[in-house]
Amino acid sequence: MGLCYNYYMKINADSFVNEKPENVLKTVFGYDTFRPLQKDIITNVLKGKDTLAVMPTGGGKSLCYQLPALIMEGMTLVVSPLISLMQDQVGSLKTNGINSVFLNSSLSWEEYLQAIDEIKNGQIKILYVSPEGLATQKIRELLSAPEIKISCITIDEAHCVSAWGHDFRPDYLEIKSIRKLFPNAVMLALTATATEKVRTDIMQNLGMKKPAIFISSFNRPNIYLEVQPKRNALDQVIKCIKKHSGESGIIYCYSRKQVDELTQTLDKLGYSVLNYHAGLSDQQRAKNQDLFIKDEVQIIVATIAFGMGIDKPNVRFVINYDLPKSIEEFYQEIGRAGRDGLPSSALLLYSAADIHKIRFFFQEAANPEQSEALLQGMIKYATSRVCRRKALLAYFGESYDSSNKSAEEKSFCCDICAAGDLPLSDVTIPAQKLLCCIIRTNQRYGANYVIDVLMGLKNKRILENGHNKITTWGIGTEYDKETWFELVELLIDQGYLIKYGEYNILQLTPQGKAFLSSRTELNLPLNPLNMTQPISFAKTSSKGNKIIAEKPAANDQVADKILTQLKAWRKRKADDLNIAPYMIFGDKTLLDLAAKKPKSKTDLLNVYGIGKAKSEEFGRSILQIISEIE
């Protein structure tokens with residue numbers, strides 16, 4: 001992605017050395033207050049203390065090193081895993097006037113030499129390199145030059161250093177040696193997904209010195225969580241796309257083949273869509289991603305390789321077409337949605353076939369038992385009949401209490417909560433049939449097989465096992481297959497059944513056996529899983545901030561015209577500069593502009609996300625658009 005930023009007002013490298021963080025936050029980044037934990041993390045880094053920060057995607061991790069980089073003398077080194085991520089970060093920094101560069105294979109030789117000169121001359125505050133690049137002698141010799149001072153080493157996506165992380169990269173293990181070259185530099189490790197086991201690995205494998213640990217809430221309240229059984233996947237995808245008409249979205253698939261097939265199908269149906277996976281050439285991947293980032297294309301269909309590659313804030317929906325291999329992977333992927341804090345949705349399509357597809361590759365895994373443990377966490381989330389948000393946060397050791405939430409907040413939380421308290425149904429007889437069938441098949445099979453027996457199927461396996469002759473064969477025709485699956489999960493939730501082993505074999509618990517023998521009545525909230533509760537977008541605000549990001553009133557026609565004109569202007573300006581529209585202003589800023597209708601550059605500084613650099617650069621154009629419409 002060719003970048004040209006020479007027009008920007010550049011901040012002198014030493015302009016903010018020893019300045020107060022709050023002043024830098026407002027002047028450079030255009031924000032009045034810090035997000036949760038940002039100030040604590042920044043303060044710790046400025047004191048020179050190693051820091052591990054676990055913050056959700058969209059929680060403002062980047063600011064935790066970008067702001068201290070301006071206040072500290074010398075340069076901040078950022079180890080980042082992907083070229084595209086570096087490009088996004090550098091592009092956004094330069095729109096704020098911060099001189100930063102990356103060193104990677106995307107640069108021409110002339111660009112590379114220019115970056116080296118700027119680094120040696122002390123003009124660069126933030127340098128991005130990959131872990132592979134950091135390991136090269138060329139980069140290490142550059143960083144070790146006597147005229148260069150490294151004040152901070154930041155490790156982005158730090159979970160990659162842990163074998164228990166969902167995206168372990170052996171190259172990250174080499175980062176520890178860089179500390180010996182810069183023993184006085186503070187180290188900051190950042191990640192959005194880290195269980196206790198992963199956090200321990202990060203600290204040990206990076207050689208951190210008694211780090212302070214900051215763990216933000218994993219809750220992303222602006223993302224609506226939904227799980228649907230995969231029945232007619234294409235129709236389900238199209239329905240979600242239509243719900244988000246004209247908005248950006250990502251669809252994740254397990255394989256390259258599935259990515260290409262779904263992309264072709266959606267393209268033939270007239271949707272604005274491109275594919276993204278490792279099978280494409282570097283040039284084609286970069287082009288497709290660039291078009292998506294710049295809002296030239298609405299939808300990207302991708303493998304998980306797209307998970308960490310973008311910093312696009314206005315992704316409004318993420319669809320997991322196939323089951324992810326772990327909760328960490330799932331959380332990272334849905335974290336692409338709603339990074340600007342505006343309402344977005346995450347839809348997971350789930351089927352038992354996905355589980356077998358994932359397990360097929362376990363034989364190639366370095367640690368199959370570990371892979372199975374991670375998969376079980378994902379299965380538990382997908383099949384849970386309790387609040388999705390509660391189940392997701394529980395995995396990361398965080399509790400979630402919805403008792404004090406309003407009806408509107410509960411309806412936006414997830415599909416389970418949106419359905420409300422479901423009525424109880426008498427499932428005594430069906431439950432007895434199911435449990436008896438499990439016993440008659442000797443408690444040696446998973447749900448899919450047991451349900452096939454109940455429904456009277458005559459597939460080869462059932463006939464070979466002689467299970468078409470047992471008393472429970474064919475006695476379960478009152479329910480369809482999905483309803484039987486739901487009953488299985490409800491009985492597991494209630495403690496009547498357990499799953500065990502690699503193939504999720506069903507077994508009765510002592511409670512289940514007691515239920516059969518006592519013949520007591522059983523009432524459970526048995527309902528179809530394909531809930532289609534429409535998303536009710538909750539109004540967002542920044543309570544507690546001096547500057548509140550507002551939204552125009554529903555009947556404010558002037559604001560609607562301003563917003564339309566501002567989006568068109570933003571797109572033209574971004575095209576002229578060959579950058580993504582959000583690098584100029586995010587949607588949240590445009591909404592705030594349309595609502596507040598500023599009349600002067602002073603007024604602009606009271607708009608969310610507008611600092612001095614952007615006010616100077618874009619203020620005249622914005623004010624002219626607003627004045628002409630009013």
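The values are calculated or read from the model by the stated rules, or taken from the named source; none is laboratory data. Just so we're clear, the structure is a prediction, and the values are computed from it rather than from any experiment. A quick note on method: Cβ atoms are made from the backbone with ideal geometry, for glycine too, and the neighbour counts reach across all protein chains shown. Each accessible area value is taken on the protein alone, full model and side chains, heavy atoms only, with ligands, DNA and RNA left out. Shrake-Rupley method; radii C 1.70, N 1.55, O 1.52, S 1.80 Å.
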Cβ pairs under 6 Å, 6+ apart, first in segment 20-38 and touching a residue at least 24 places away in the same chain (Cβ under 8 Å), second of a type in the set (D, E, K, R): 27/612; 32/546
So residue 426, is it under 18 Å from residue 490 (Cβ atoms) and among the acidic types (Asp, Glu): yes
Members of segment 603-630 found to be assigned to a loop (DSSP other than H, G, I, E, B) and closer than 15 Å to residue 548 by Cβ, listed by number: 605, 606, 607, 608, 609, 610
Single match in 58, 97 (criterion: under 25 Å from residue 396 (Cα atoms), modelled with pLDDT under 90 and assigned to a loop (DSSP other than H, G, I, E, B)): 58
Answer from 415, 426 - the residue that is open to solvent by 40 Å² or more (accessible area, probe 1.4 Å) and either of a type in the set (D, E, K, R) or in contact with a strand residue (DSSP E or B) (Cβ under 9 Å, 6 or more places away or on another chain) (or both): 426
Subset of segment 149-176 that is open to solvent by 20 Å² or more (accessible area, probe 1.4 Å) and part of a loop (DSSP other than H, G, I, E, B) - its residue that is nearest to residue 91 (Cα to Cα): 149
Selection status of residue 596, modelled with pLDDT of 85 or more and closer than 30 Å to residue 286 by Cα: no
Unique match (being within 25 Å of residue 210 (Cβ to Cβ) and open to solvent by less than 50 Å² (accessible area, probe 1.4 Å)) among 46, 25, 63: 63
Meets criteria (in a strand (DSSP E or B) and under 20 Å from the mean Cα position of the chain (by Cα)) for residue 323: no
Matching option when the condition is more than 23 Å from residue 230 (Cβ to Cβ), open to solvent by 70 Å² or more (accessible area, probe 1.4 Å) and either in contact (Cβ under 8 Å) with a residue 24 or more places away in the chain or under 41 Å from the mean Cα position of the chain (by Cα) (or both), among 507, 494: 494
Any hit, segment 70-77, residues being in a helix (DSSP H, G or I) and at pLDDT 90 or above: yes
Selected residue (criterion: farthest from the chain's Cα centre (by Cα)) from residues of segment 178-198 that are open to solvent by less than 20 Å² (accessible area, probe 1.4 Å) and over 28 Å from residue 73 (Cβ atoms): 198
Residue count for segment 199-211, restricted to those that are without any contact (Cβ under 8 Å) to a residue 60 or more places away in the chain and open to solvent by less than 50 Å² (accessible area, probe 1.4 Å): 4
Condition met for residue 319 (open to solvent by less than 10 Å² (accessible area, probe 1.4 Å), among the aliphatic types (A, V, I, L, M) and in contact (Cβ under 8 Å) with a residue 24 or more places away in the chain): yes
Residue tally, condition in a loop (DSSP other than H, G, I, E, B) and either without any contact (Cβ under 8 Å) to a residue 24 or more places away in the chain or farther than 19 Å from residue 86 by Cα (or both), over segment 116-148: 8
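Counting just the residues of segment 288-324 that are charged (D, E, K, R) and at pLDDT below 90, which one comes out nearest to residue 572 (Cα to Cα)? Outline the logic, then answer.
Pass one, segment 288-324, residues charged (D, E, K, R): 290, 294-296, 311-312, 316, 322.
Next cut, at pLDDT below 90 only: 290, 294, 311-312.
On the way: 290: 16, 294: 11, 311: 20, 312: 18 Å.
Filtering first and then ranking leaves 294.
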Segment 584-602: number of residues that are assigned to a loop (DSSP other than H, G, I, E, B) and either without any contact (Cβ under 8 Å) to a residue 40 or more places away in the chain or surrounded by fewer than 20 Cβ atoms within 10 Å (Cβ to Cβ) (or both): 5
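Could you check segment 476-504 and list, in sequence order, the residues that are aromatic (Phe, Trp, Tyr) and under 25 Å from residue 358 (Cβ atoms)?
Residues satisfying the conditions are 484, 485, 500, 503.
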Qualifying residue in segment 524-546 (condition: over 31 Å from the mean Cα position of the chain (by Cα) and either at pLDDT 85 or above or under 24 Å from residue 241 (Cα atoms) (or both)): yes
Residues within segment 472-491 that are at pLDDT below 90, open to solvent by 30 Å² or more (accessible area, probe 1.4 Å) and of a type outside the set (Phe, Trp, Tyr), tallied: 5
Scope segment 236-276; condition among the polar types (S, T, N, Q), open to solvent by 60 Å² or more (accessible area, probe 1.4 Å) and not in a loop (DSSP other than H, G, I, E, B); matching residues: 264
Condition broken by residue 514, with the remaining ones in (1) surrounded by 14 or more Cβ atoms within 10 Å (Cβ to Cβ); (2) among the aliphatic types (A, V, I, L, M); (3) at pLDDT 90 or above satisfied: (1)
